[in-house]
Amino acid sequence: MSVESELDLWNTLSGAELIKAMGEGRFPQFTPINEHIGQVVSEVEHGRVRLAWSPEDKLCNPGGIVHGGYIAMILDNAVCLAASSTGEHFMPMLTLSLNVDYVRPVQAGRPYDVEGVCVHPGRTRMLSTATITDAGGRLIAQATASVTPNQAFAR
């Protein structure tokens, strides 16, 4: 993709549209983190993002289950993307607070659904929730978060 077309997407798409473009590979990821943890954007709409997640063994702790830090990371990604999806233009978010409740262990190699929902799309402080569920729909972990737009990307 040319730099000019990436710039066009950056300047013309809404937050939700740009996240969708990232998931479709039409716009580059900001960091390699998403690929490292195995996150794939599967659905996006205003205020809501769904990620498909199949964590690999490299994310496991010595006990053989996915490390809680990676679980918190994907929940953080979901709450931030949900908040970013509400904008007229995409704006990366900075996390102010993240509270995670771990309910069940995450096993490597299994599919999980991660859903983020922006429950308060404020101008300077936004509130979002996220959940991880397994293939049977059981809750694995959940998070609540407060995020703020990263003004380094303001336009």
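List the number of the failed condition for Glu115; all other conditions in (1) more than 12 Å from the chain's Cα centre (by Cα); (2) not in a helix (DSSP H, G or I) hold.
(1)
Checking Val41 against (1) modelled with pLDDT of 95 or more; (2) open to solvent by 40 Å² or more (accessible area, probe 1.4 Å); (3) not polar (S, T, N, Q): exactly one of these is not met. Which one?
(2)
State all residues of region 77-116 that are among the hydrophobic types (A, V, I, L, M, F, W, C) and either on the phi > 0 side of the Ramachandran plot or open to solvent by 70 Å² or more (accessible area, probe 1.4 Å) (or both); if no residue qualifies, say none.
Result: Leu94, Leu96, Val103.
Are any of the residues in region 30-37 in contact with a strand residue (DSSP E or B) (Cβ under 7 Å, 6 or more places away or on another chain) and either in a helix (DSSP H, G or I) or not charged (D, E, K, R) (or both)?
No, every residue in region 30-37 fails to be in contact with a strand residue (DSSP E or B) (Cβ under 7 Å, 6 or more places away or on another chain) and either in a helix (DSSP H, G or I) or not charged (D, E, K, R) (or both).
Residues in region 82-104: is at least one without any contact (Cβ under 8 Å) to a residue 40 or more places away in the chain, farther than 18 Å from Leu18 by Cα and of a type outside the set (Lys, Arg)?
Yes: region 82-104 contains one or more residues that are without any contact (Cβ under 8 Å) to a residue 40 or more places away in the chain, farther than 18 Å from Leu18 by Cα and of a type outside the set (Lys, Arg).
The values are calculated or read from the model by the stated rules, or taken from the named source; none is laboratory data. Treat the numbers as computed from the prediction; the structure is a model and nothing was measured. All Cβ positions, even for glycine, are placed from backbone atoms using ideal geometry, and neighbour counts span all protein chains on display. Surface accessibility is based on the protein's heavy atoms, side chains included, excluding ligands, DNA and RNA. Shrake-Rupley method; radii C 1.70, N 1.55, O 1.52, S 1.80 Å.
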